[in-house]
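Data first, discussion second: the structure below is written as C-alpha cells.
The values are calculated or read from the model by the stated rules, or taken from the named source; none is laboratory data. Values in this document were obtained by computation on a predicted structure and should not be read as measured data. In this analysis, Cβ positions are derived from the backbone assuming ideal geometry, glycine residues included, and neighbour counts consider all displayed protein chains.
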Amino acid sequence: MVALHAPEPEPARATADMRPPDATFDPVFEPCAHCHQIGPGARSMTGPSLQGVIGRKAGTLAGYPFSAAMRASGATWDAATLDRFIAAPQALVPGTRMIFAGIDDPTRRQALVAFIARTNAAL
C-alpha cells in the first residue's frame, strides 16, 4: 500500500509578497488606500499604483487600463494638479472612472499631496 501525503504548502513569503507597501497604511493615505498602493513595490489594484506618480503624465502607467478621459486629459501629476484632482476628480477629468467624491478640506488635501510627494521622493 502506498502512503499518500498532502503537498507541501506554498512558502509563507508568497503571502508576504502580496502585502502592500507599509506606506499604503499611513493614516493620511487612508482615503486612497482602498483602491491604490504607494511605496516601494506598490502594485496597481482597483486604481493605479501611486508610486512614481509625481511628474508622470496622467493615464500612462504601463499595464493599467485607464479611461479614455484620463488618457486624453493632458494632465501631468504635480502637487497643484493632484490637489485639484483630489478635491474633485470629475471636475478635473470629466469621464474619469475614479469613483471618489473628493476631499473638500484644503488642509487634508495638502497633507495627502505632501505625503504622496514625500513617498515618491523616497524612490
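The criterion of being among the β-branched types (Val, Ile, Thr), in contact with a Gly (Cβ under 7 Å, 6 or more places away or on another chain) and modelled with pLDDT of 95 or more holds for residue 86.
When the test is whether a residue is touching a Pro at 6+ places or on another chain (Cβ under 8 Å) and either modelled with pLDDT of 90 or more or closer than 22 Å to residue 111 by Cα (or both), residue 61 passes it. Screening region 36-74 for residues that are closer than 21 Å to residue 91 by Cα, under 11 Å from the mean Cα position of the chain (by Cα) and touching a residue at least 40 places away in the same chain (Cβ under 8 Å) and picking the one that is surrounded by the most Cβ atoms within 10 Å (Cβ to Cβ) gives 50.
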